[in-house]
Amino acid sequence: MRQKITILGATGSIGVNTLDVISRHTDKYSVFALSGHQKINLLTIQCIEHSPRYAVVIDPESASILRAKLQEAGSDTEVLCGVDALSDVSSHNDVDIVMAAIVGAAGLVPTLSAVNAGKKILLANKEALVMAGGLFMQAVKVSGAVLLPVDSEHNAIFQCLPGASQGLSESGVVRLLLSASGGPFRGLTAEQMIDVTVEQAVAHPNWSMGRKISVDSATLMNKGLELIEACWLFDASPDQIDVIVHPQSIVHSLVQYADGSVIAQLGNPDMRTPIAHALAWPERIDSGVAELDLFDIARLDFTRPDLESFPCLSLASDAARAGMDAPAVLNASNEIAVQAFLDRRIGFTQIAAVVKETLSASIFNEPESLAAVQESDSKARSYAASFILKIER
Ligand code: NAD
Ligand code: MG
């Protein structure tokens, strides 16, 4: 029996890589549903190639375009429309695996639907966990869903931890070492980053990714979000996690043990490795990634992050320590600020200013429900948006 998979965010960088891995193992996996928001041409091609039962888009206009294109191509794929349809294809009885690869807060509800339905979830959408980690992990516990990290660092840590799901200290773990490439502006001062362009910010030296995560990698907010993500995934406190800058992106993260051992996962910087790992876990399958050639790489460097030049990392680590809905506020204001930067309304270094201002204007509360998380999220978005109106260029 082939396992049926829903890919939320199929047209994105993670989605495309997931389909690449799946296409190497059509004997093991079949595509149940694909979702996309903007690139309807790409979604059409993906539907023709992978024949999913459903394709989901958000707005009715995209739905009619997609329907027409698929009909013309003689495809049997049924087109569904709207955010509820995302949840439907994530929780459908016939689905075994859900790849959560929508970017940002928009991925939270459909990912939670997959969790509540007890699916095997391959989690790329880190923002979902940052926003609602407590509720999310509780839902995993209740439903018995299997949560596997796709984010390369978390996937690496997962691979370096002992199999049984006991606490970190019971496993003799002293520290998690989270790798960071340092992004395209590593080595620059905050002042030198004032006038960097959108094009420079999205040009990551080692990874090819969507625009939002590329900007997050450039500000180091991505590492901050990942610190929070790691706290939830591995039941760690922020003090148990160190960020290490490793510009070659070969050592994807490490786990330090009480006996002095440090276990690392290495590989070429290609997301198909963590995707294939999570997809096949606990087995191993070919991902299409070239074998690592250590002689070719020759050296691996490690340095401390520059917190002064990259304040987003400290803002995230403060939010992790503050707990409650501080990470949701951090994430929401960051999403708004990154979009404003991509729209060329604010400068690169103003992203941190927007997040900092929104966090300091917020009174944090423990979010007891999804509705409470969504309220914190939308309040922070409005605050950040109005602050941007005051500072925009
Ligand atoms: P991307 O921008 O390339 O793709 C995002 C996908 O989400 C697209 O399919 C898009 O259509 C869809 N989408 C966007 N807005 C939506 C909305 N409002 N409603 C429904 N769908 C929407 O992003 P990506 O680089 O593939 O990243 C996806 C997620 O994976 C992010 O959370 C990112 O942090 C995480 N991630 C990505 C990488 C990577 O290498 N790209 C690595 C680690 C983690
Ligand atoms: Mg990562």
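A few remarks follow.
Results for (1) touching a residue at least 60 places away in the same chain (Cβ under 8 Å); (2) of a type outside the set (S, T, Y); (3) closer than 25 Å to D195 by Cα, shown as yes or no for each residue.
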{"residue": "M324", "(1), (2), (3)": "no, yes, no"}
{"residue": "L330", "(1), (2), (3)": "yes, yes, yes"}
{"residue": "L342", "(1), (2), (3)": "yes, yes, yes"}
{"residue": "R345", "(1), (2), (3)": "no, yes, yes"}
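- Test: residue in the range 152-159 that is more than 16 Å from ligand 1 (Cβ to nearest atom), touching a strand residue (DSSP E or B) at 6+ places or on another chain (Cβ under 7 Å), open to solvent by 20 Å² or more (accessible area, probe 1.4 Å) and within 28 Å of Y257 (Cα to Cα): no
- Matching entry among Q256, Q248, Q265 (being open to solvent by 40 Å² or more (accessible area, probe 1.4 Å), assigned to a strand (DSSP E or B), farther than 25 Å from I351 by Cα and outside the structural domain of Q38 (by TED's automatic domain parsing)): Q256
- In the range 354-374, the residues that are under 19 Å from M221 (Cβ atoms) and open to solvent by 40 Å² or more (accessible area, probe 1.4 Å): K356, E357, S360, A361, F364
- The combined condition, being without any contact (Cβ under 8 Å) to a residue 40 or more places away in the chain, open to solvent by 40 Å² or more (accessible area, probe 1.4 Å) and touching a strand residue (DSSP E or B) at 6+ places or on another chain (Cβ under 6 Å), is fulfilled by V146.
- So A139, is it more than 16 Å from ligand 2 (Cβ to nearest atom), of a type in the set (A, V, I, L, M), without any contact (Cβ under 8 Å) to a residue 60 or more places away in the chain and over 30 Å from A258 (Cα atoms): yes
- Which numbered condition D301 fails, given (1) assigned to a helix (DSSP H, G or I); (2) surrounded by fewer than 22 Cβ atoms within 10 Å (Cβ to Cβ): (1)
- Among the residues of the range 183-235, those that are at positive phi and crowded, with 24+ Cβ neighbours inside 10 Å comprise G183, L220.
- Here S35, S64, S23, S51 are screened, and the one residue that is away from ligand 2 (no atom under 16 Å from the Cβ) and surrounded by 18 or more Cβ atoms within 10 Å (Cβ to Cβ) is S35.
- Residue check, C81 touching a helix residue (DSSP H, G or I) at 6+ places or on another chain (Cβ under 9 Å), crowded, with 22+ Cβ neighbours inside 10 Å and not assigned by TED's automatic domain parsing to the domain that holds A278: no
- Considered as a group, the residues in the range 182-234 that are charged (D, E, K, R) and not in a loop (DSSP other than H, G, I, E, B) include one that is farthest from the chain's Cα centre (by Cα), and that residue is E191.
The values are calculated or read from the model by the stated rules, or taken from the named source; none is laboratory data. Because the structure is predicted, anything quoted here is derived from the model rather than measured. With ideal geometry, Cβ positions are generated from the backbone for all residues, glycine too; neighbour counts draw on all protein chains shown. With ligands, DNA and RNA removed, areas are computed over all heavy atoms of the protein, side chains included. Shrake-Rupley method; radii C 1.70, N 1.55, O 1.52, S 1.80 Å.
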